[in-house]
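These notes are about the structure you will find just below.
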Amino acid sequence: MGIPFRIYNTRTRSVEDFKPTTEGKVGIYVCGMTVYDRCHMGHARAMVVFDAFVRYLRFRGWDVNFVRNFTDVDDKIITRANELGEDPIALSARFIEAFHEDADAMGLIRPDEEPRVSESIDSILQLTQSLIEKGSAYESEGSVWFDVKSFPAYGQLSGQKVDELKSPDVVPGKRHPADFALWKGVKPGEPAWDSPWGPGRPGWHIECSAMAMDCIGHTLDIHGGGLDLVFPHHENEIAQSEAHSDCTYANYWMHNGMLTMSGGQKMGKSLGNVWNVQNALKEFPAECLRLYYLQSLYRSSLPWHDEALPEALGMLCRLYEAREVAESMGGSEDAAQVAKDLGEDAMKVIEIAESFESRFLSALDEDFNTAKAMAVVFELARAINRFANHKKAKKRGGPVVAGALAAFQLVSDTLAILSLDVSAFMEEVKTKRCAAMGLNPEQVSETIAARSQARNDREWATADAIRVDLDEKGVILMDNPDGTTTWRLRITDAS
RNA sequence: GGCGACGUAGGCAAGUGGUAAGCCAGAGGUUUGCAAAACCUCCAUUCACCGGUUCGAAUCCGGUCGUCGCCUCCA
């Protein structure tokens with residue numbers, strides 16, 4: 001069936017009702033990575049956003065065909081391969097493997113299809129041939145160019161006008177500076193495939209059109225990707241696809257915003273400010289990255305800074321702790337009866353839990369507003385904590401928080417946040433933060449045992465000295481009411 | 001030069017015509033052997049600036065200033 005939703009369409013610059021091409025189905029194609037290096041935090045935003053979006057769509061009953069490609073034949077790959085003295089296809093295969101490692105570690109669902117350029121050459125050749133036959137492309141010196149002047153609607157997505165583009169490059173054989181290569185004649189040291197125009201390789205944009213139409217059809221419901229791809233990549237995709245099929249190429253264009261650096265710079269390797277996913281995941285749980293991305297609207301630019309992940313981790317811990325508190329509550333009475341006995345804080349939990357699904361999902365239904373949706377989760381967490389202050393909540397509160405636990409499950413089902421077992425999550429946090437801070441968990445435990453002994457002996461001065469010492473190392477102690485001491489690591493840089 | 005987006009508290013960030021969600025930081029309090037966590041209270045008469053429309057605008061319109069992205073590979 002599919003519950004209706006609205007989504008911002010880059011082409012019309014407005015939020016629109018989504019209308020599927022086929023009842024109940026969503027065909028979505030997302031531009032994946034050009035695989036010549038590891039996935040970094042900027043790429044990861046796109047991956048997480050569309051991963052969550054697809055989960056949400058499926059949860060809402062849509063039959064989703066999710067396709068995300070690998071561009072494994074490309075100038076940058078060839079350049080990198082030549083630098084390393086490696087075969088380009090081998091190099092990209094290596095980074096596809098690395099991407100899958102990172103994607104799995106981030107908890108991303110695998111797309112239904114992950115086409116690669118190197119495995120789609122036939123389709124690319126057919127599409128190119130078709131464009132030549134239709135008069136939209138021309139061959140010149142072993143290369144084939146798309147004739148932008150033959151496509152009047154060129155620029156519909158980005159608002160660009162062909163003749164007003166900046167300092168076009170001068171390439172022999174091109175009729176118009178904005179014409180772009182569908183097929184590039186072979187050059188020494190580059191991979192090549194046979195074609196009717198001689199050996200060569202696909203151009204810059206043709207691969208996505210070929211793969212998308214292969215996997216989904218002439219008309220995609222949604223085409224996604226980073227905002228930086230709007231021009232020329234997506235513009236060119238539209239031109240070549242529509243010139244070929246005479247169908248609308250994509251009904252909705254959904255673009256995620258960029259990660260921006262605090263100084264206004266973009267994350268880039270030359271600046272030495274790239275955090276790749278592999279390294280981030282050594283220090284932070286995967287859901288921490290998800291929360292960082294999903295706490296803002298997917299199409300806004302998102303500032304990256306050193307405290308971004310620590311802050312997200314703090315938020316995530318807050319949510320998990322609230323869930324733990326709720327899960328630890330017992331009792332089997334009627335919820336309404338317990339609430340009546342325990343007062344308005346209990347009523348408040350029930351009230352927020354009851355309206356949760358509606359508020360949370362309607363936020364996602366309106367342009368996938370995860371920021372707004374997550375705010376409701378925090379409201380629920382606070383209500384639980386407040387309720388937990390009641391002495392009888394632990395014994396009798398279970399029925400009261402049942403709805404809240406269902407709400408957390410909903411968050412997990414749609415956004416894949418709060419999807420872990422609480423203790424497993426806490427353990428992961430401890431392991432990763434210890435590694436990040438260079439601490440030995442066993443040593444910490446021994447030190448804490450010594451302090452517990454001092455506390456038993458009521459030697460407060462000794463106990464406090466140990467606390468201060470550990471605190472300086474970033475270890476924060478929590479003395480529980482039952483006499484045990486648990487600990488966690490400082491995550492925001494307050495020191 | 002062209003195209004586009006954005007400018008909401010100390011930082012981040014929702015809100016797109018009806019009187020400012022949420023997170024972090026900060027101050028005070030409850031709790032605690034001391035802490036931590038949690039909870040409570042406080043923290044934007046105001047949404048870059050200037051005009052306009054309206055009973056009413058952060059939200060619509062016009063202008064000004066500023067920031068960013070794209071126009072070359074880019075999530």
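The values are calculated or read from the model by the stated rules, or taken from the named source; none is laboratory data. Not measured: the values here are computed from a predicted model. A quick note on method: Cβ atoms are made from the backbone with ideal geometry, for glycine too, and the neighbour counts reach across all protein chains shown. Each accessible area value is taken on the protein alone, full model and side chains, heavy atoms only, with ligands, DNA and RNA left out. Shrake-Rupley method; radii C 1.70, N 1.55, O 1.52, S 1.80 Å.
Rolling a 1.4 Å probe over the protein heavy atoms of the stretch A:1-59, with every protein chain left in place, gives an accessible area that is 53 percent carbon and sulfur. Here A:LYS149 is the anchor, and the aspartates and glutamates within straight C-alpha reach of less than 19 Å, apart from those fewer than 8 places off in the same chain, are A:GLU133, A:GLU139, A:ASP163, A:GLU164, A:ASP169, A:ASP179, A:GLU235, A:GLU237, A:GLU242, A:ASP246.
Looking at chain A alone, DSSP beta bridges between its own residues are antiparallel in about 50 percent of cases.
Straightening the chain between A:GLU379 and A:ASP457 buys 23.9 nm, computed as 0.36 nm per residue apart minus the Cα-Cα spacing. Solvent-accessible area of the stretch A:439-489 (1.4 angstrom probe, protein heavy atoms only): carbon and sulfur portion equals 49 percent. Sorted largest first by accessible area at a 1.4 angstrom probe radius, with every protein chain in place, the residues A:ARG45, A:ARG94, A:ARG80 fall in the order A:ARG94, A:ARG80, A:ARG45.
Projecting the Cα atoms of A:CYS39, A:PHE378, A:PHE151 onto the charge dipole of chain A, computed from C-beta unit charges around the Cα centre, puts A:PHE378 farthest toward the positive end. The share of Cα pairs per 20 Å bin across chain A, counted from zero up to the longest distance, runs 20, 46, 25, 9, 0 percent. A cut-off of 5 Å between modelled amide H atoms, ignoring neighbours fewer than 5 places along the same chain, links A:LEU220 with A:ALA250, A:ASN251. With contributions of -39500 (n - 2.57) from each DSSP H run of at least four residues, the per-residue ellipticity at 222 nm computed over chain A stands at -15000 deg cm²/dmol.
May I ask for log10 I(q)/I(0) of the stretch A:301-356 at q = 0.20, 0.30 Å⁻¹, from a Debye sum over the Cα atoms as equal point scatterers with solvent left out? The computed values of log10 I(q)/I(0) come out as -0.84, -1.19.
Simple point charges give the picture: +1 on the Cβ of Lys and Arg, -1 on the Cβ of Asp and Glu, and for chain A a dipole about the Cα centre of about 1140 debye. Using a cutoff of 8 angstrom between alpha carbon atoms and counting only pairs six or more residues apart, the relative contact order for the stretch A:305-421 works out to 39 percent.
For the stretch A:6-280, the calculated P(r) over all alpha carbon pairs, in 10 Å bins from 0 to the bin holding the longest distance, is 6, 28, 36, 24, 5, 0 percent. For chain A, the per residue solvent-accessible surface stands at 44 Å², with DNA, RNA and ligands left out and a 1.4 Å probe. Across chain A, the relative contact order, built from alpha-carbon pairs under 8 Å that are at least six residues apart, equals 15 percent. Karplus-based coupling profile of the stretch A:311-326, in residue order and whole Hz: 5, 5, 5, x, 5, 5, 4, 4, 5, 5, 5, 5, 5, 4, 4, 5, with θ = phi - 60° in 6.51 cos²θ - 1.76 cosθ + 1.60 and x standing for Gly or Pro. Which percent of the Cα-Cα distances in the stretch A:305-421 go past 17 Å? Percentage above 17 Å: 53. Take the residue pairs A:LYS282/A:LYS430; A:LYS430/A:LYS473; A:LYS372/A:LYS392; A:LYS348/A:LYS391 and return only those whose Cα atoms are more than 21 Å apart. Those over the limit are A:LYS372/A:LYS392.
Computed from backbone phi, the HN-Hα couplings of the stretch A:198-211 come to x, x, x, 8, x, x, 7, 10, 4, 4, 5, 4, 4, 5 Hz, rounded to whole numbers (Karplus: 6.51 cos²θ - 1.76 cosθ + 1.60, θ = phi - 60°; Gly and Pro given as x). Summarise the accessible area of the stretch A:273-327 (1.4 Å probe, protein heavy atoms) by the percent that is carbon and sulfur. Roughly 47 percent of what the probe reaches on the stretch A:273-327 is carbon or sulfur.
Under 5 Å from the amide H of A:THR260 lie the amide H atoms of A:LEU302, A:TRP304, each residue being 5 or more positions distant or on a separate chain, with H modelled from the backbone and absent for Pro and chain starts. Using C-alpha pairs under 8 Å with a sequence gap of at least 6, the mean separation divided by the residue count of the stretch A:202-344 gives a relative contact order of 20 percent.
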